[in-house]
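As structure tokens, the structure follows; a few thoughts come after it.
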Amino acid sequence: MTTYLTQEGYQKFQEELHDLIYRRRDEVAAILRETVGNGEDENPEYEMARAEQAFIEGRIRELEMLLSSAKIIEESAMPSSVVQIGSKVTIQEEGYDPETYMIVGSAEANPKEGRISNESPIGKAIMSRAAGDEVMVHTPTGNYTVKILQVE
């Protein structure tokens, strides 16, 4: 499965992976070495470190898989007339102010930062559409229409 990432997102995930492997892993290993002889069965610090180690190892595997299947969104190759992954889109729902979002893959989605997934209800509805189009957005709580004001 392909994971679409911006260059910035790819770099962010690479940095997180590097930090987990070369800093966090060593920190937890040191805590485990310090606490291993203090009665493992009844040592909450040891148990917390083991849980943290399991989380770190799981996140490392997750990031390695994500980065190995990543496809970097090439901004220069994108025509700006239609919405696609990497597009910056301004939309407006009737009765509300316009909102601007960047369309990203699900791994980078963060609506609070103006980044919505191509797999989200809005993302699905506006993909391959152009400025001036009105599209129906289907959500679990109901449907609504948005107008695409601008595609960059």
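The values are calculated or read from the model by the stated rules, or taken from the named source; none is laboratory data. Please read these numbers as outputs of a predicted model, since none were measured by experiment. With ideal geometry, Cβ positions are generated from the backbone for all residues, glycine too; neighbour counts draw on all protein chains shown.
As an exercise: evaluate G37 against (1) at pLDDT below 95; (2) surrounded by 13 or more Cβ atoms within 10 Å (Cβ to Cβ) and give the number of the one condition it does not meet.
(2)
Report whether or not I85 is under 14 Å from the mean Cα position of the chain (by Cα) and part of a loop (DSSP other than H, G, I, E, B). Talk me through it step by step, then tell me what you get.
Values: under 14 Å from the mean Cα position of the chain (by Cα): yes; part of a loop (DSSP other than H, G, I, E, B): yes.
When the stated conditions are applied, I85 passes them.
Which pairs do you get when a residue that is farther than 23 Å from M65 by Cα, found in region 8-34, comes within reach of a residue that is at pLDDT 95 or above and in a helix (DSSP H, G or I), reach meaning Cβ atoms under 7 angstrom, with the pair 6+ apart or on two chains?
Close Cβ pairs satisfying both conditions: L32/Q53.
Of the numbered conditions (1) at pLDDT below 95; (2) surrounded by 12 or more Cβ atoms within 10 Å (Cβ to Cβ); (3) more than 19 Å from E152 (Cβ to Cβ), I21 satisfies every one except a single condition; which is it?
(1)
Return the total of residues in region 1-29 being part of a helix (DSSP H, G or I), more than 14 Å from the chain's Cα centre (by Cα) and more than 25 Å from E45 (Cβ to Cβ).
Final tally of qualifying residues: 3.
So which of G114, G58 is closer than 24 Å to V135 by Cα and either touching a strand residue (DSSP E or B) at 6+ places or on another chain (Cβ under 9 Å) or at pLDDT 90 or above (or both)?
Working: G58 fails: closer than 24 Å to V135 by Cα.
G114 is the lone residue from the list that is closer than 24 Å to V135 by Cα and either touching a strand residue (DSSP E or B) at 6+ places or on another chain (Cβ under 9 Å) or at pLDDT 90 or above (or both).
When the residues of region 127-147 are narrowed to those that are closer than 13 Å to E94 by Cβ and among the hydrophobic types (A, V, I, L, M, F, W, C), which ends up surrounded by the most Cβ atoms within 10 Å (Cβ to Cβ)?
V146
Tell me yes or no: at least one residue of region 61-83 is among the polar types (S, T, N, Q) and crowded, with 16+ Cβ neighbours inside 10 Å.
No, there is no match, as no residue in region 61-83 is among the polar types (S, T, N, Q) and crowded, with 16+ Cβ neighbours inside 10 Å.
Working only within region 84-116, note down all residues that are surrounded by fewer than 21 Cβ atoms within 10 Å (Cβ to Cβ) and more than 17 Å from Q150 (Cα to Cα).
G95, S106, A107, A109, N110, P111, K112, E113
Filter region 108-152 down to the residues that are polar (S, T, N, Q), in a strand (DSSP E or B) and touching a residue at least 24 places away in the same chain (Cβ under 8 Å) and list them by number.
T145, Q150
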